[in-house]
Amino acid sequence: MRTLPAAAALAALFGSMALASPSYADTDRPIPVWDASDTVVDGAHQQLFLADRYHDQIVVTDATGKVTRTITGLPQVRDLDLSPDGSTLYAAVYGADKIVAIDTTRLEQTAEYPTGAGTIPSHVAYADGRIWFGYGDQWDSGLGVVDLTGETPVVTLDVGGAHDYASPPMVYADPDNPGTLLALDAGISSGPVIVYDVASGTPAIRVSADKGGFYHDAALTPDGQNVVVAGPGNRALTEYRLSDLAEVRTYPVKDQPETVSIAPDGTVAATVLDTDDAGDTYVFTNGSDKPSVRNISHNWMPWGAHATSWSADGTKLYVQTGSQGSMALHRVDEPRKYQATLTVSAPTSAPRAKSLTVTGKLTAGLTLPAGTPLKVTRTDMESPNGKSLGTKPLGSGSKFSFTDTPPSGGKVTYTVTYEGDATHTAAKAADSVTVSRAKPALTVNNNGKVYAYGKDVKFTAHLGTTYKNRTVELWADPFGSDKPNKLVKSGKVDSHGNLSVTLDLKRDAKVTAKFAGDSRYQSRSVSSTVGAKVSVSTSVSNHYKAKSAWGHTYYFFHKNKNPMFTTKMPYYPHRAQRFDFQVYYQGKWYPGDSQYFALGTDGRSRVQVTGNHAEDVGWRFRMRSDYVNGSSGDTVNSTTYGSWKYFTFTG
């Protein structure tokens, strides 16, 4: 990633503030890039350009990483560079042997400059009205130029002078050091660095030296006089003076440097390979002789891409993270401060109204002194918005501890906040403890009772001692999937702890009393399951008389008439009534085979008793209709037996 040169960057500060974005903590934003080879920050237009060589396109985002446009048709696009005024983006299109120019306002290609078949340009830098580019492969590599100073652009290859390139040169230029072009021959172990005088348009080598490396990245200092290279060496970023390529300083890192970027004020940022997961992003805000103020770890970093960049005003740091197909843009909002990290540890559980101890640590690259104030807040059921417990001092060894007696039970959270200072970022952390609560007494009456169909039944919930909450809910859940569980009453219990509701029972039901709990008593729920019978009535027809006989009302039928029995009970899908039949013989009733008959949607079932009733003359019979839970086709009511109907036949 590269930014506008310093002059344009500072100009962009007036009014819009380059790449301004909402003030929030470090963030990650997914970016739809498969394989980013380079990224340029365009401060003047508040946007970023990402070269996605896998998808042959440049992805354009705003400062937060939100995609605003894609510029397609750029096979294997590689390196990017902005003109000093930020009006034009130049891109090396590796797979099409050309350099293209893109208007940064319209986001459209305005020109292209073919570099020749098989040249495969991979690096590009704009300087003094010319586009300098590295091209080729291994020893068939060279330095080329697109001269834009005349009426017609002219492309010239192999302008590298006496140096024979072993790889396509990585090229860099800065308008604050006009007439100067830097080229790195990064593909050979000797690591040649070549500084050209390009003021005349024909490169002349000012100075060159072997610096021993396979370079991964480089960045010019804000005045364009020095360069910081990522590599050679596995543990340092090295700064060289362009005038004589003398080593100026090194910036220590713990692993192989991968990328480097320098802010307008000279702050150096870099990423490393991070093989031991010790942190991959460094920021040297206090110079090379002081430790990095940042040491951020990411899950993965892209290889072979310029993945670190400053916003044009130098206030934010952007780092590409992730791997192919799952990349993100990580934004560091306070890159020049040491990153403070807080940890808080509370007991897993504790008794209410008893003292407990909370411990933790506050660490940073620059150790904070003992006595540093930490704000503590307790959040619980009594104080859902948090209650300040004042400040607690940081102790020795970056540790702290404090005691507290939680007045409330349930989940209690202790939040510790360090507000930061001029050299440290703010930090916040929290931990929770489960504090015990008493179990309240709660009952609901009538459990196990069975009532007649349509009976009005009073249910009473009783709540024992609690702290503040005296509200109980009563829920009724009739049997059957067609009737939902329903809140039938909610309110505070009376002075005796009772809350009642009367229900019209037409089905078996579960009545539940619920108490939500309070800061000293647990929530609780208890249930009472009651039964409701069905209403059953049976009428008799086709008889010629009914009279009292043998202690019951008997229906008399002629032997040539079939008795008709009509049963009525509440309808429910697939419900059937059981028809019981018995005969009287020598002082005892004997059962026949019971049969089930379906109810119509009107709740009626009509059963006709057929047969040779001449043989039944003089015998005494009886029948009844029953609902049997489960056997009658459903389970929403309690088993109910109808009344017996007595009958006999005459000649």
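See the values below:
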{"item": "Along the chain, longest interval not containing exposed GluC sites (Glu not before Pro), exposed being DSSP loop plus at most 15 other Cβ atoms within 10 Å", "result": "152-418"}
{"item": "Normalised contact order of the chain, rounded percent, pairs of Cα under 8 Å and 6 or more residues apart", "result": "7 percent"}
{"item": "Amide H within-cut-off set for residue 629, under 5 Å, with H built and near neighbours excluded", "result": "639, 640"}
{"item": "Under Karplus coefficients 6.51, -1.76 and 1.60, residue-wise ³J(HN,Hα) of the stretch 530-542 in Hz, glycine/proline x", "result": "10, x, 10, 6, 9, 8, 10, 9, 10, 10, 10, 9, 6"}
{"item": "Prolate/oblate/rounded label for the stretch 345-435 (Cα gyration tensor, a/c 1.5)", "result": "prolate"}
{"item": "Label-zone membership for the stretch 560-574, site residue 595, 7 angstrom Cα→C-beta point, backbone N under 16 Å", "result": "562-567"}
{"item": "Cα-only radius of gyration and Dmax that characterise the stretch 514-629, units Å", "result": "22.0, 80"}
{"item": "Å³ per residue enclosed by the Cα convex hull of the stretch 497-541", "result": "76 Å³"}
{"item": "Relative contact order computed over the stretch 2-332 (Cα-Cα under 8 Å; 6+ residues apart), in percent", "result": "14 percent"}
{"item": "Helix-only [θ]222 nm of the chain, DSSP H runs n ≥ 4, -39500 (n - 2.57) each, per residue, nearest 500", "result": "-500 deg cm²/dmol"}
{"item": "Karplus-derived HN-Hα couplings along the stretch 135-141 (A = 6.51, B = -1.76, C = 1.60, θ = phi - 60°), whole Hz, x at Gly and Pro", "result": "9, x, 9, 6, 6, 8, 10"}
{"item": "Long-range amide H partners of residue 187 with built H, under 5 Å", "result": "167"}
{"item": "Label zone at residue 388 (point 7 Å along Cα-to-Cβ), backbone N below 16 Å, the stretch 410-441", "result": "415-420"}
{"item": "Normalised convex hull volume, the chain, alpha-carbon set, Å³ per residue", "result": "277 Å³"}
{"item": "Calculated from backbone phi, Karplus (6.51, -1.76, 1.60) coupling profile of the stretch 512-521 in Hz, x at Gly/Pro", "result": "10, 9, 10, 10, 6, x, 9, 6, 10, 10"}
{"item": "Rough spin-label spacing in nm, given labels placed 7 Å along Cα→Cβ, for residue 199 and residue 68", "result": "3.9 nm"}
{"item": "Restraint check, 449/533; 506/645; 439/486, Cα-Cα greater than 21 Å", "result": "506/645; 439/486"}
{"item": "Computed over the stretch 345-435: relative contact order in percent, which uses C-alpha pairs under 8 Å that are six or more apart", "result": "35 percent"}
{"item": "Chain lengthening between residue 556 and residue 108 when straightened (0.36 nm per residue, less Cα-Cα)", "result": "150.9 nm"}
{"item": "Cα pair distances exceeding 24 angstrom across the stretch 2-332, given as percent", "result": "50 percent"}
{"item": "Distance between the stretch 505-540 and the stretch 576-637 - C-alpha centres, whole angstrom", "result": "33 Å"}
{"item": "FRET efficiency estimate (nearest 0.05) - Cβ-Cβ, residue 189 to residue 348, R0 60 angstrom", "result": "0.60"}
{"item": "DSSP loop chymotrypsin sites (Phe, Trp or Tyr not before Pro) with at most 10 other Cβ within 10 Å: longest gap in the chain", "result": "25-543"}
{"item": "Stretchable slack from residue 54 to residue 614, in nm (0.36 nm times residue separation minus alpha-carbon distance)", "result": "191.7 nm"}
{"item": "Kirkwood-Stokes translational diffusion coefficient of the stretch 442-532, alpha-carbon pairs, 25 °C, 0.890 mPa s, µm²/s", "result": "183 µm²/s"}
{"item": "For residue 340, net neighbour charge (Lys/Arg +1, Asp/Glu -1) across residues whose Cβ lies under 13 Å away", "result": "0"}
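Each value in this text was obtained by applying a stated rule to the coordinates, not by laboratory testing. Since this is a predicted model, take the numbers as computed values, not measurements. So basically every Cβ, Gly included, is an ideal-geometry build from the backbone, and we count neighbours across all protein chains shown.
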